[in-house]
Amino acid sequence: MDAVERIRRMFEGGPVDHLARRPFGFFPQTFERWQREGLPADVYSEGRCGPQFDAYFGFDPPAWMGQCIDLGWCEAPLRPAYEEKVLCTEGRHEVVQDVVGRHVVFPIGQRQQVMPTYVKHAVASREDWQHEVLPRLDPHTPARWTGYDQAAAANRERLGRGEAVHTANVIGGYMYLRSLVGPTELLLLFYDDPDLVHAMMRAWRDIMVACLKRVQADVGPYFRLFLAEDICYNHGPLISPDMMRRFLLPYYRELFEELRGGQPGTLHFEIDTDGRCMDVVDVYREIGVTAMSPFEVASDCDVVEAGRRWPEMHLRGGIDKRVLAAGPEAIDRMLRRILPPMVARGRYMPCCDHTVPDDVSLANYLHYRKRVQEMDSSI
């Protein structure tokens, strides 16, 4: 069974030879540590995964194929983007303007694996939205489509050969709003100017529909719509289910139905949110969501419990990154609790509950990967 068929069966049901084996992600500092601990150069070198990366860690070959146009993930897909530049330095910190116009404070020389401090966002008024940001969300801006024809042709051939599963990876509405308005400011904006929130969400819907429908026509049908949402914190959702239904779900439903109506077959729908997602799964299921990730254990998520509560859903994650740092005995205890019931259940991909941090040693991570491969097909 190849990686593409394994992914399809995990979403659609049916037996697999073993659970799909792909990572959630790694911080650059983690690879820097692992290089000091002996990670071979043909696995990772000069900031890039090498030809032996998947074999070394026991991963399947990549099966997902994105939509060959950037539609955001953690930041809104603005074209032109704001110039990324250092605005000033203040002691040991620098203030940086990023690609979505935020002014962000970082420790000098460290912009990864730290919690940044935001001091300004692009949308502080209706005027900012209308004159500065909305024009950058035009789906037809030529710069947005630079290199598209060649990429679309390559993806169409790859899809035609059955070498990949086509997925639409886009920034979710909450993450999009937050990147433009700010986390605290957005919570106030829902009450102070709901019409502006709806105007911003209509722009989100319009760019997603226009771009993804074009790719759908040029390349082929999607297997999955995947939204980066991050709507939860460690105790639950940042807004109520009623507010989700008011400000987000109608636009998600419209996008989902547009894509589903433009192709034959099933379109799966996945939401990725950090924090405690257990309280919002049923809310998202109202609009057809069939998959969730990454089930952060530190936020009281339990992927085994999620598997019992939602037996038809595809789940990814739930492997506690803190336990990966704790050593082989702790790793073995965790995997003995999670993998047997999830292997028996199916529709699960074991991976870290967020990006692997640099307190995880190479030896511990390799032990974890070895144990997963021993257990993910043993039931």
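The range 241-379: Rg/Rh from Cα coordinates, Kirkwood Rh? Could the numbers behind the result be given before it?
Numbers: Rg = 16.8 Å, Rh = 16.2 Å.
When Rh is taken as the Kirkwood radius, the ratio is 1.03.
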Treating the beta-carbon of each Lys and Arg as +1 and of each Asp and Glu as -1, no other charges, what is the dipole magnitude of the chain about its Cα centre, to the nearest 20 debye?
720
Residue-wise HN-Hα coupling along the range 35-48, computed from phi with Karplus coefficients 6.51, -1.76, 1.60 (Hz; x: Gly, Pro):
5, 5, 9, x, 4, x, 5, 7, 9, 7, 7, 6, x, 9
Peptides 121-131, 358-368 ordered by average Cβ neighbours within 10 Å, highest first:
358-368, 121-131
Based on the mean of other beta carbon atoms within 10 Å per residue, what is the order of 1-9, 65-73, most packed first?
65-73, 1-9
HN-Hα J couplings of the range 234-243 from phi, Karplus 6.51/-1.76/1.60, θ = phi - 60°, integer Hz, Gly and Pro as x?
6, 10, x, x, 7, 10, 6, x, 5, 5
Dimensions of the chain along principal axes (Cα, Å, largest first)?
59, 56, 43
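Just subtract the alpha-carbon distance of residue 198 and residue 74 from 0.36 nm times their residue separation and send over the number in nm, one decimal. Write down the numbers at each step before the final one.
Values: separation 124, 0.36 × 124 = 44.64 nm, distance 1.98 nm.
This chain segment gains 42.7 nm when fully extended.
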Give me, ordered by chain and number, the residues 5 or more places off residue 225 or on other chains with an amide H under 5 Å from its own placed amide H.
168, 268, 269, 270
Among 78, 110, 56, flag the residue with its Cα farthest along the positive direction of the charge dipole of the chain, charges on Cβ as +1 for Lys/Arg and -1 for Asp/Glu.
56
Summed over the other residues with a beta carbon less than 11 angstrom from that of residue 103, with K and R at +1 and D and E at -1, the charge totals +1
Per the C-alpha gyration tensor (a ≥ b ≥ c, the square roots of its eigenvalues), the range 35-118 is rounded if a/c is under 1.5, else prolate if a/b beats b/c, else oblate; here it's oblate
Debye log10 I(q)/I(0) at q = 0.17, 0.26 Å⁻¹ for the range 224-296, Cα point scatterers:
-0.60, -1.26
Translational diffusion coefficient of the range 55-201 at 10 °C, 1.306 mPa s, Stokes-Einstein with Kirkwood Rh over Cα pairs, in µm²/s as a whole number.
90
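Highest mean first, what order results for 298-307, 28-37 on Cβ atoms within 10 Å?
Working: 298-307: 18.4, 28-37: 15.9.
Descending packing order for the listed peptides: 298-307, 28-37.
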What list of ³J(HN,Hα) couplings, whole Hz, do you get for the range 217-230 from phi and the Karplus terms 6.51, -1.76, 1.60, once you set θ to phi - 60° and write x for glycine and proline?
6, 7, 9, x, x, 8, 8, 9, 9, 10, 10, 7, 10, 6
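Any read-out appearing in this document is the output of simple, stated calculations on the displayed coordinates, not a laboratory observation. If you're wondering where the values come from, they're calculated on a predicted model, not measured in any experiment. Using ideal geometry, Cβ is built from the backbone for each residue, glycine included, and neighbour counts are taken over all protein chains shown.
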